[in-house]
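The values are calculated or read from the model by the stated rules, or taken from the named source; none is laboratory data. Treat the numbers as computed from the prediction; the structure is a model and nothing was measured. Cβ coordinates were reconstructed from backbone atoms using ideal geometry, including for glycine residues, and neighbour counts include every protein chain displayed. With ligands, DNA and RNA removed, areas are computed over all heavy atoms of the protein, side chains included. Shrake-Rupley method; radii C 1.70, N 1.55, O 1.52, S 1.80 Å.
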Amino acid sequence: MDSILTWNDSLKLGIASVDDQHRRLLELINRLDEAVALGHAPDTITELLDDLIDYTRYHFDEEEKLMQQSDFEEALFISHKNEHRQFVETIVEARNQKPDNASFLLHHLLDFLFDWLYRHILGTDKKMADCMLGKPIADAAKIDQAGIIMQSNLYSALRESEDRFKEMADNLPALIWISNAKNIPVFCNRYRYKKFNIPLGSGNHSQWLDMIHPDDRDKVADTYAHAASDLKKFKIQYRLRREDESIVWILETGVPRIRRNGSFAGLMGCGMDITNQKNAEITIARINQLLMEQVEERTQQLLNANKTLEAEKNEQVRLNARLKETQAHLIQSEKMASIGQLAAGVAHEINNPLGYIFSNLNSLKQYLNDILKFSEAAERLAQELPADNLEVLAYHRLKEKIDIDYLKTDLSDLVDESIEGATRARKIVQDLRDFSRIDKQEMELFNIEAGIDATLNIIQNELKYKAKIVKEYTGLEPYLCIGAQLNQVFMNLLVNAAHAIETFGTIYIRTGTEKDRIWIEIEDTGKGIPEKIRSKLFDPFFTTKPVGQGTGLGLSLSYKIIQNHNGKIEVESHVNKGSKFRISLPLTTNK
């Protein structure tokens, strides 16, 4: 805070001791003014008044001794002493009143001190010094009087400015306050007293804190402390409580008060009543919260509905997929059954003429043997008759013409080959009947290795140009299962193995027993299966073949068949080296 009285050369009288004492008086009055302005405690102000009284008495005694020593004019001396006495009496009277109202000192005692000090120094003391130093006083008195008027007007303007500030603050609809460096309120405008029904002059620091809502006190105290330590302005919202416990919301902006030397002198703040705004915000917030809760509730309902719909949709998709898969399996099964039925019918129809052919070929072979015996008897008879016998000659000409020796050899071979072909045809027909077996879909003991052989016979045309078949059977015991279904699995795996071989390769078929399981392996030397699609191999409708060349049901149906037999099917594959499918079936089902 700046000093209101400033020592300068115009105040010097030319007497060193007196000038030093005047400077000291200015310092004491400035300290008193600062204590009042900063709202120091009454005891502090009383101590400053005591210091001022003691020092003025000392100063006046020193001046009066100088005047006596210089044989100062008696009338002027008496007048001078009266001014000294009047000054001390005024200060003592103020001291004895123990003023606790800062406005009393501000408007009465300090006004007197400032006015008296300039008038006394520039008036009475100036005359005294000029007389003691033998200087003319007329012109100097006019200059000094102008200085007195200037200083008086300057101080009056300052006091008037303060009065105007207070008058303006008292009429503003806002809370205007000033505190000192100890956070003690030294000024509050009338708004505070009107708003909270507090009599003027009764405010103090604890009462100010008590007015703040308990939940906001620490926040306000921390804000004031940071503003004081950081010397920065602040803005804060907090609540004040009125006598009727009603709440007043305050939006407060404040700044630190800083002395010329940079030290902290207190805070100044202006608080606006934002209760209506805050209540509106609270109401809006409550409405928004209610709306948010309703929106959240509705959103949750929609989410739950969506989840239900999603679950139903997923279930529908899953059921549709299962239905589609089941339908495809049924179609495939019906297709296989139809093919089996057709194959069984064809086999039955072929089997009858094959029986005739096979029987007739056997009879033909017997007849041929008889004819050959007859031919041999005729040859022996021709040798016994004369060579020139006409019948013998005719016999030899016929023999040469029909080349009987060649016919005997070739007819025998033709009959044997025909019997072999008929036998093979019968075997194929039997395998076809065994493979289809649509009339037997229940569990029965089944020769797995024979089933594989039957399957190989059926798809021989698919395999013979693509691979060499290598069988490594171990002689499995008959297995309780649905043989037609396992044959279908073997056929799917063998055909896939042939398709995996691009030119010509090898297909290995192995069987074996391991603990309580039997296993069948079908391995090829084809192009292998990329790792990224191995997990999809048994998915329904998944195929790597071009559109129109595969349904994607072969492996899926095979997987389902093995699964229905409580078994498992696994695949091991290496790109460009081949693939191996291993079927494992439990022996426990046969017990």
By the gyration tensor of its Cα atoms, with a ≥ b ≥ c the square roots of the eigenvalues, what is the shape of the range 38-81: rounded for a/c under 1.5, prolate for a/b over b/c, or oblate? prolate
Can you give me the distance in nm between label points at LEU414 and GLN563, each placed 7 Å from the Cα along the Cα-to-Cβ direction? 5.9 nm
As a test of reading the structure, rank LYS232, LYS219, LYS577, LYS126 by solvent-accessible area (1.4 Å probe, protein chains only), most first. LYS577, LYS232, LYS219, LYS126
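Could you grab the Rg to Rh ratio for the range 352-403? Cα atoms only, Kirkwood for Rh.
Details: Rg = 16.2 Å, Rh = 13.0 Å.
My calculation puts Rg/Rh at 1.24.
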Rounded to the nearest whole Å², what accessible area per residue is found for the range 224-292 with the 1.4 Å probe? 62 Å²
Label model pair LYS12, LYS401: point-to-point distance (7 angstrom along the Cα→beta-carbon line) in nm is 17.9 nm
Inter-probe distance in nm under a simple model that places probes 7 Å from Cα toward Cβ, at ARG85 and ASP71: 2.6 nm
The extension gain from GLU297 to ILE247, computed as 0.36 nm times the residue separation minus the Cα-Cα distance, is 14.7 nm
Tell me, what is the per residue accessible area of the range 3-90 in Å², probe radius 1.4 Å? 50 Å²
May I ask you to list the residues of the range 295-309 whose amide nitrogen lies under 17 Å from a point 7 Å from Cα along the Cα→beta-carbon direction of GLU315? 304-309
At what distance in angstrom do the alpha carbon centres of the range 377-417 and the range 40-62 lie from each other? 175 Å
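Taking all protein chains as present, what is the carbon and sulfur share of the accessible area of the range 223-286, in % to the nearest whole number, probe 1.4 Å? All intermediate terms of the calculation are to be shown ahead of the outcome.
Values: 2010 of 3770 Å².
For the range 223-286, the apolar C and S fraction of the accessible surface comes to 53 percent.
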